[in-house]
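The values are calculated or read from the model by the stated rules, or taken from the named source; none is laboratory data. On a predicted model such as this, the values are computed, not experimentally measured, just so you know. Cβ: placed from backbone, ideal geometry, glycine included. Neighbour counts: every protein chain shown.
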Amino acid sequence: MNKIAFTALIALPLAACNSNTAPGNDREAQLDPPATAAPIEDAASALANVDPGLMLPGTMNDADLAALGAGQACQFRLTEVAFPSFVYDGDGSGAIKINGKLIPVASDGPGSYSNGELRIKTRMLDGEGDAGLQMQEMIVAAPRAKDEFGFWGYTTCPAEGA
């Protein structure tokens, strides 16, 4: 009995530290302020002092999507239930979130986007997820990086050829 009480006593302070505030997690609205949008910058300034190995896509929240005016845009998501990491539309524009900054990109051709030295390519894959979203591949070539980063995820635009 003493072992159980001692274990519970040790675990109690650790339980108070359990907090996950990443976008997409349930939080009580009255306790947490609404999410704010990340700053919108071009690739050169957003990625100027970032190690190329750390230039990985981040997750956008609702405020980011509103700031970009991308509420109806196609979305690349790393999982079917995640917030998007990359948004794009039929007009040839898009945006990606890297290093806590939103970076707008312009189309260079079908499934190809860029902003300065940052290049993004998307390609539809044959599979689909459990929720019915079409699988998509996204390749990010970051400035100063030796290698490209490739991601398999899902798109909310299965009719798009991007």
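Does residue 11 satisfy the condition of being of a type outside the set (Val, Ile, Thr), assigned to a helix (DSSP H, G or I), out of contact with any Ser or Thr (no Cβ under 8 Å at 6 or more places or on another chain) and modelled with pLDDT of 75 or more? Criteria not met by residue 11. Can residue 136 be described as at pLDDT 90 or above and among the polar types (S, T, N, Q)? Taking the combined requirement at face value, the residue satisfies it.
Quick grid of which residues meet (1) of a type outside the set (A, V, I, L, M); (2) within 18 Å of residue 52 (Cα to Cα):
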{"site": "86", "(1), (2)": "yes, no"}
{"site": "95", "(1), (2)": "no, no"}
{"site": "108", "(1), (2)": "yes, no"}
{"site": "117", "(1), (2)": "yes, yes"}
{"site": "132", "(1), (2)": "yes, no"}
